[in-house]
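What follows is a single structure, written as structure tokens, with notes after it.
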Amino acid sequence: MRYPNLGYFSKIGSAALPYDTMHLVLSKVTQRLWELFSGEFGVTGTTPEPYILPKTTVTAIGREIEAGRATVPSTQARSIRDINVHYRSYKASDWVFFFLSVGEVVLGNRLPEEIFVAFMYLCKAARLMFRPSGLSKVELTTVESHIKNFCRAFYKYIYAGRPERRKVCRHVFFAPLDIVPNMRSCGPAWFCCHFPIERLIGTLLDLIGSHSQQYVSLMSAISHMYN
């Protein structure tokens, strides 16, 4: 280990610090999967990879999602934008809508069967993980099985053990293996979610009235607001 003094934390394992499971799956894994499927990640070998969708298909998927905006309440419409055009500005709430609702529809019969099955393993795990309630031991075991199946399929069909595909074998795709041990130690995924505090932090900038004395200005504004 490069920093031997940090070895203590490795020995503690997943109980050392809770994962933000929602950030990991929604803001990292799902977006990277879309980049792979849409070809934005790029071709890693001499020929197009079997999981990369044709540009015409990616365009069609974006239009199909966009067409659904008129069928949902306005509060959900932001999450139904042309993913081909706007995926870089998708937030976690948009990805969760794609992940648990839209993705299964628009990717079915368009991805190779083994790749689509891998995607669905992660979807099935997320439908249990992201419920606003606790999970039983049996449900946690089911989540763990789905995640392991996803990682196994990713390694077999996307990375495929080929040296030219090493750059797709990123830690983020295998980090979900730590999710269930972490949930057993620290509780449900939403216990450790950072999204609410991020939204609060996002409101603080407008409270700073003085750029020369930002801290004093912010504290005064917060005190005034709550008093």
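Annotations for the structure displayed:
- Contacts under 7 angstrom Cβ, first residue in region 61-72 being touching a residue at least 40 places away in the same chain (Cβ under 8 Å) and closer than 17 Å to N109 by Cβ, partner of a type in the set (V, I, T) and open to solvent by less than 70 Å² (accessible area, probe 1.4 Å), 6 or more apart: I61/I83; I61/V106; E64/V106; I65/I80; I65/I83; I65/V102; I65/V106
- Residues located in region 97-133, provided they are surrounded by fewer than 15 Cβ atoms within 10 Å (Cβ to Cβ), at negative phi and not in a helix (DSSP H, G or I): G108, P112, R131, P132, S133
- So E198, is it at pLDDT below 85 and either among the polar types (S, T, N, Q) or open to solvent by 40 Å² or more (accessible area, probe 1.4 Å) (or both): yes
- Residue in region 134-157 that is in a loop (DSSP other than H, G, I, E, B) and either surrounded by fewer than 13 Cβ atoms within 10 Å (Cβ to Cβ) or of a type in the set (V, I, T) (or both) present: yes
- When restricted to residues that are at pLDDT 85 or above, open to solvent by 20 Å² or more (accessible area, probe 1.4 Å) and in contact with a Phe, Trp or Tyr (Cβ under 7 Å, 6 or more places away or on another chain), region 12-31 contains 1.
The values are calculated or read from the model by the stated rules, or taken from the named source; none is laboratory data. Predicted, not measured: the structure shown is a model, and the values here were computed from it. Heads up, the Cβs are rebuilt from the backbone with ideal geometry, glycines too, and the neighbour counts pull from every protein chain shown. Surface areas here come from the heavy atoms of the whole protein model, side chains and all, with no ligands, DNA or RNA. Shrake-Rupley method; radii C 1.70, N 1.55, O 1.52, S 1.80 Å.
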